[in-house]
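Okay, so here's the structure we're looking at.
Bear in mind these aren't lab numbers, they're just calculated from the coordinates by the rules spelled out. On a predicted model such as this, the values are computed, not experimentally measured, just so you know. Neighbour counts are summed over all protein chains in view; Cβ atoms, including those assigned to glycine, are modelled from backbone coordinates with ideal geometry.
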Amino acid sequence: MPVRQWDPASKAKVVLEGLQGKPEKAICKRHNIKPAEYRRWRKEFLARIAGPSVSPRRPSRQGDERSKALRVAQDLIEVLPIPVFFKARDGKHLGANRAWEAYFGVRRESFIGKTVEELFSQAPEVAAKHRAVDEELWRNPGTRSYELQVPVRDGSVRHTLNYKATFTGADGKVAGLIGTIIDITERKRSEQRQAIEHRVTRLLSECETVAGAMPGVLAAFCESLGWACGARWSMDPKIGAFRCEEAWSVDDPDIATFLAASRQSNYQPGYAGFIRRVLGTGQPIWIVDVSADDSFLRGAQAAKAGLRSAFALPIRLGDQVLGAMEFFHRERRLPDEWLLETGVTIGNQIGHFMARVQAEGELREGEARFRSLTALSSDWYWEQDEQFRLTAMSSRFVERTGIDPAPYIGRKRWEQPALNLTESDWERHRAQLERHEPFFDFEIERPGPDGTSVWLSLSGEAVFDEGRRFRGYRGVGTDVTDRKRAQGVLRAAYEELARSNAELQQFAYVASHDLQEPLRMIGSYTQLLERRYGDRLDQDAREFMGFIVDGATRMKQLIEDLLAYSRVGTRGKEMRPVQAQAVLDKALVNLRAAVEQSAAAVTHESLPEVNADDTQLAQLLQNLVGNAIKFRKKDEAPRIHVGVEDAGDEWHFSVADNGIGIEPQYFERIFLVFQRLHTQDEYPGTGIGLAICRKVVERHRGRIWVESAYGEGSTFHFTLPKIQKGET
Ligand code: ADP
């Protein structure tokens with residue numbers, strides 16, 4: 001490879017690349033030169049351009065060469081698109097190129113010979129920084145680079161990367177410096193924007209409430225961009241008022257006071273104002289000087305706090321304005337499109353966050369409602385997929401049943417042991433699921449944790465997605481073990497009761513039936529004894545025999561009553577519709593003798609048709625009316641009324657009398673077998689009548705009870721169910 005010949009112009013171009021900011025290493029690599037060589041070129045270049053521009057010399061042969069290189073360098077610098085300037089050792093500007101003029105908006109002529117303090121008279125801190133770097137270079141000649149924000153021609157602030165390099169004069173001493181300025185505003189801004197967005201995104205994802213996230217968001221914005229404070233304003237659409245919710249500021253008591261004042265009051269609509277306009281229009285607003293803007297009502301307060309410029313922008317969700325953010329700067333800042341754009345983007349991010357928080361809140365509420373309903377109506381919640389495999393089971397399952405759900409997950413219900421279900425039971429259940437039908441209280445007996453079994457009752461319904469595609473089942477479950485156990489105990493007790501009842505009835509029937517024969521024998525042999533040996537017996541013996549006959553007769557009566565009683569259950573006829581009126585008439589015919597003898601007045605309402613065993617109904621009415629006659633007062637003719645009332649599902653019958661009445665403590669007892677309140681002499685009877693009445697009424701699915709005022713009469717009530725439609 002032929003060695004390249006470097007003429008002065010080419011060398012100057014290479015050096016300028018370096019002055020534009022390209023790293024030394026990259027330049028050397030690109031042009032295939034050694035770093036030492038490059039540095040020597042740069043030194044020569046800087047020495048050349050510095051010398052003649054300050055004091056042009058008479059051309060010589062050597063000078064010809066030098067001035068040629070110099071002209072090339074100067075021409076190149078002039079057309080270079082980046083600002084380049086020269087400074088003398090005393091800090092005064094020697095010159096600058098066209099790009100520099102354009103960048104700062106300052107004419108070169110007016111600037112040559114001036115210092116950096118004069119150039120940046122509006123921004124002393126910028127001048128100070130430049131000056132500090134210069135001083136450093138005078139002390140340690142060489143190159144320096146640094147970033148700085150500087151105000152430029154249009155008043156805006158730009159991010160710059162400044163390169164400075166010293167050059168030496170003919171005497172070999174440092175004569176001044178050459179500087180270039182690279183505008184890195186775009187890069188800086190995109191970095192800043194990324195950093196802010198990143199911080200805001202993280203904050204929003206970590207916080208659950210807007211109030212929790214906002215101070216951090218405001219801080220991110222202010223800190224990254226150098227603004228002093230910020231606040232969020234919310235809008236209450238119901239009352240149209242808005243107020244300052246959260247705020248952030250640099251550590252400054254005056255600003256804190258200003259923000260506290262902002263937060264204190266509610267702002268009503270109708271107020272002109274900064275925030276009001278943003279909320280109304282949904283557009284950002286910029287105020288260059290808060291104290292000079294009439295539309296800013298808090299202007300004076302803000303100025304007092306040392307704030308100068310402000311802007312506000314909307315927090316939006318689509319077309320909806322949910323609130324606003326405002327920011328203040330301590331220095332004068334001109335409207336910055338980029339800043340507003342960045343702010344609006346963040347405002348939108350917050351808007352989405354607010355919508356999400358609200359939606360999540362609603363979702364949470366919905367879920368809580370669902371959970372409490374599930375908890376109230378059942379023990380746990382479950383889900384299964386379209387293959388009927390269990391995919392989820394709420395934790396209450398194990399809490400309630402003690403069964404580990406792990407073996408059930410991923411399996412079908414019938415793949416786990418169920419003690420109560422047969423293959424065909426499962427078949428039916430599966431068919432139901434395949435038809436996507438809901439199911440209710442499907443009971444499964446599962447082996448429990450301690451060897452006992454646990455009864456589950458499951459209900460579920462099919463789940464479909466938006467496209468009506470079947471997605472599986474979901475439902476609830478309840479532990480019904482206790483209920484099942486109780487049912488088992490109850491059933492056993494009931495069966496036992498039914499068995500002993502049947503036994504008892506059989507016993508009563510057999511006993512009474514079989515007892516009649518020996519009784520008859522006692523009776524007839526006593527009579528035989530009397531007939532044959534009567535004349536040989538003395539008075540006492542005859543009296544004793546009378547007792548035997550009496551006893552036998554009474555015993556016969558008791559046995560007959562017992563037999564009648566046991567027959568109510570065992571020998572009853574089928575129920576069929578009967579006219580209760582006709583049955584009562586028949587009973588009254590049977591009672592005719594007693595009625596006449598006691599001069600009883602029996603009245604009645606017209607009785608309805610009922611579903612009954614007519615013989616037993618007659619027995620019931622006859623017993624009640626018979627008792628009403630029997631237990632009459634000695635000095636008063638009995639008045640008896642048989643009534644009936646429509647009581648909805650049933651008929652309510654009553655038999656009222658004006659007899660001796662019953663004391664309340666006997667209201668229950670009189671319905672028991674052989675329970676009576678009087679001696680045989682006072683009122684004859686065995687005490688079986690009401691027991692039979694009760695048995696008859698109960699067999700007819702009714703109730704019987706008594707109401708009475710002692711000494712004033714009694715009313716016996718009983719109910720009979722009405723004939724149901726379709727019952728004939
Ligand atoms: P009995 O009539 O054979 O004594 P019941 O079983 O019919 O047996 O009646 C039981 C008891 O209830 C009667 O002994 C009587 O004391 C009381 N009793 C029943 N009906 C009446 C009534 N209408 N008035 C007063 N007491 C009654």
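Okay, here's what the table says:
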quantity	calculated
For the chain, fraction of C-alpha pairs farther apart than 43 Å, in %	67 percent
Region 551-590-region 656-693 distance, computed between alpha-carbon centres (Å)	17 Å
Where GluC sites (Glu not before Pro) fall in DSSP loop in region 375-475, at most 16 other Cβ within 10 Å	E386, E466
Antiparallel DSSP beta bridges within the chain, as percent of all bridges there, nearest 5	95 percent
Over 31 Å between alpha carbons, listed pairs K13/K129; K13/K87; K34/K173; K11/K92; K573/K633; K412/K484	K573/K633
Most positive-pole-ward Cα, S453, Y473, Q505, against dipole of region 453-505 from beta carbon charges	Y473
Fewest-first sequence of M521, M555 by Cβ atoms within 10 Å of each Cβ	M521, M555
Loop sites in region 480-576: GluC sites (Glu not before Pro), DSSP, at most 16 other Cβ within 10 Å	E574
Cut-off 15 Å between beta-carbons: net charge of the residues surrounding F296, Lys and Arg +1, Asp and Glu -1	+3
Cα-based reach from K630 at 20 Å (exclusive), listing lysines while leaving out same-chain residues under 8 positions away	K586
Helix 481-533 axis, angle to the chain major axis (alpha carbon atoms, nearest 10°)	0 degrees
Cα-based helix-to-principal-axis angle, 580-590 vs the chain, degrees rounded to 10	30 degrees
Low-density loop positions, trypsin sites (Lys or Arg not before Pro), region 466-553 - DSSP coil, at most 12 other Cβ in 10 Å	R468, R469
Column: log10 I(q)/I(0), Debye, Cα scatterers of region 166-216, q = 0.18 Å⁻¹	-0.71
Relative contact order, percent, the chain [alpha-carbon distance under 8 Å, six or more residues apart]	5 percent
C-alpha long axis of helix 337-377 to longest principal axis of the chain, angle in °	10 degrees
Convex hull volume per residue for region 656-715, taking Cα atoms only, in Å³	80 Å³
25 °C / 0.890 mPa s Stokes-Einstein diffusion coefficient of region 430-473, Kirkwood radius on C-alpha pairs, µm²/s	202 µm²/s
Cα-based radius of gyration of region 586-680 once divided by 2.2 N^0.38 Å, which approximates compact folds	1.15
Whichever aspartates and glutamates have a C-alpha closer than 20 Å to that of K634, once near sequence neighbours (fewer than 8 apart) are set aside	E596, D657, E663, D681, E682, E712
Taking the convex hull of Cα positions in region 125-228, its mean projected area over all directions (nm²)	8.9 nm²
Calculated [θ] (222 nm, deg cm²/dmol) that DSSP helices of n ≥ 4 give over the chain, each run adding -39,500 (n - 2.57)	-15500 deg cm²/dmol
